[in-house]
Amino acid sequence: MAVLYPSQEWCDEWKKAIDRNPSVAETGKNWGSDFNGSWLFEVQPGGGLEKTCYVYLNAKNGKCTDARMVQEPSEVNPGFTAVGSYADYKEVVKGEKDFIEGVMRGTFKIKGDMSRIMRNAKFIRAVANSISSFEATYLGE
Amino acid sequence: MREIKAGGEELNGLGAILKQVMEETIQVPGTWKTIRRLQGTLVVREAESQVAVHIEFHRGEIQIQNGSVDRPTAYVEGGFEELSAISSGQVGPIRALLGKKIRAGGNLWKLLQMSKVIINRKT
């Protein structure tokens, strides 16, 4: 069953998708083991979304430990943040655009320890790929 | 003072990532000793997105800017994973080149010298 992006149901499905992706388990063995490997995705209005929303994702040692909507960024302490518009995130969730390519172009602005990202590039790619591996519905469509 | 300047418009994502990496690598005495003498331009291009940045070296002054330039001293091109593997020190640039994981050109001796600024083995 398709779940609305963004929603808690969608976060739950993303967590499951990450955990059933063998590439995540294989490439993420060291992710988050001795550093804060959590992410906060800031989704800015546009493309059907009226108000900024936040998706929090935590992964450690190749497993997703938490995926949820948060009301305010201050509720969590992410190691990394990614900021982009709903219209751009939507294309990634649909599998029409590549998250990494969006990061390269500056469509998504990321903050955090870039050396960690470079060292774990395959893991980042695997998590990003899992985002479009299940059915979703979208605001504004 | 050791610093990386960003020229022109706001850096693209590749530039923002490399700038942060370079800010760390220039603090390594051995790396800085090599880099501070260099003159020339290194172009780095991510192959899938075709996003590029160029890094100008001028005797200790280093500036990173969006886009490519005509006739750089050296250039390197590869996918995100390959560039990341080099930049994090997981794969040496020569090995990546010989294994055809990346493309490179120009003055290869200077490429090896210049690429030290984007290789952070610390993490």
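No value in this document is a laboratory result; all are computed from the given coordinates. Since this is a predicted model, take the numbers as computed values, not measurements. Cβ atoms come from the backbone with ideal geometry, glycine included; neighbour counts cover every protein chain shown.
Take the Cβ-Cβ distance between A:Q8 and B:A47 as r, set R0 to 35 Å, and report the resulting FRET efficiency rounded to the nearest 0.05.
With a Förster radius of 35 Å, E is 0.40.
Tell me, what ³J(HN,Hα) does each residue in the stretch A:80-85 have, in order and in whole Hz, if you take phi through Karplus 6.51 cos²θ - 1.76 cosθ + 1.60 with θ = phi - 60° and put x for Gly and Pro?
Along the stretch A:80-85, the couplings run 9, 10, 10, 10, x, 7 Hz.
Please list the three semi-axes, largest first and in whole Å, of the ellipsoid equivalent to the protein assembly as shown, using sqrt of 5 times the eigenvalues of its alpha carbon gyration tensor.
Working: eigenvalues 241, 69, 57 Å².
Ellipsoid half-lengths, sorted descending, are 35, 19, 17 Å.
Hey, rough spin-label estimate for A:D66 and A:K29, points 7 angstrom out along Cα→Cβ, what's it come to in nanometres?
Using points 7 Å along Cα→Cβ, the separation is 2.6 nm.
Name the shape class, rounded, prolate or oblate, that the alpha-carbon gyration tensor gives for chain B, where a ≥ b ≥ c are the square roots of its eigenvalues, rounded holds for a/c under 1.5, and otherwise prolate holds if a/b is larger than b/c and oblate otherwise.
rounded
Rounded if a/c is under 1.5, else prolate if a/b is larger than b/c, else oblate: which is the stretch A:3-120, with a ≥ b ≥ c the root eigenvalues of its Cα gyration tensor? Spell out each step's value before the answer.
On the way: a/c = 1.43, a/b = 1.35, b/c = 1.06.
Rounded, since a/c falls under 1.5.
Could you compute the FRET efficiency for B:K33 and B:R103, with r as their C-beta to C-beta distance and R0 at 35 Å, rounded to 0.05?
Values: r = 28 Å, r/R0 = 0.81.
E between B:K33 and B:R103, to the nearest 0.05, is 0.80.
Hey, fewest Cβ within 10 Å first, where do A:W39, B:W109 land in order?
Ascending number of Cβ neighbours within 10 Å: B:W109, A:W39.
Using helices alone, what [θ] at 222 nm do you get for the protein assembly as shown, with -39,500 (n - 2.57) per DSSP H run of 4 or more residues, divided over all residues and rounded to the nearest 500? Present the calculation step by step, with values, prior to reporting the outcome.
On the way: 11 runs with 90 residues, N = 264.
Calculated from helices alone, the mean residue ellipticity at 222 nm is -9000 deg cm²/dmol.
Return the single residue from A:E91, A:E42, A:E75 with maximal mean-square fluctuation; model: Gaussian network over chain A, springs between Cα atoms under 10 Å.
Top of the fluctuation ranking is A:E75.
Going by Cα centres, the stretch B:42-81 and the stretch A:90-141 are how many Å apart?
Using only Cα atoms, the two centres lie 23 Å from each other.
Only helices at least 24 Å long along their axis, Cα-based, and averaging 1.0 or more on Kyte-Doolittle count here, so list those DSSP H runs from chain A.
None clear 24 Å together with a mean of 1.0.
Could you please rank A:K51, A:K15, placing first whichever residue has the fewest other Cβ atoms within 10 Å of its Cβ?
So the ranking, lowest neighbour count to highest, is A:K51, A:K15.
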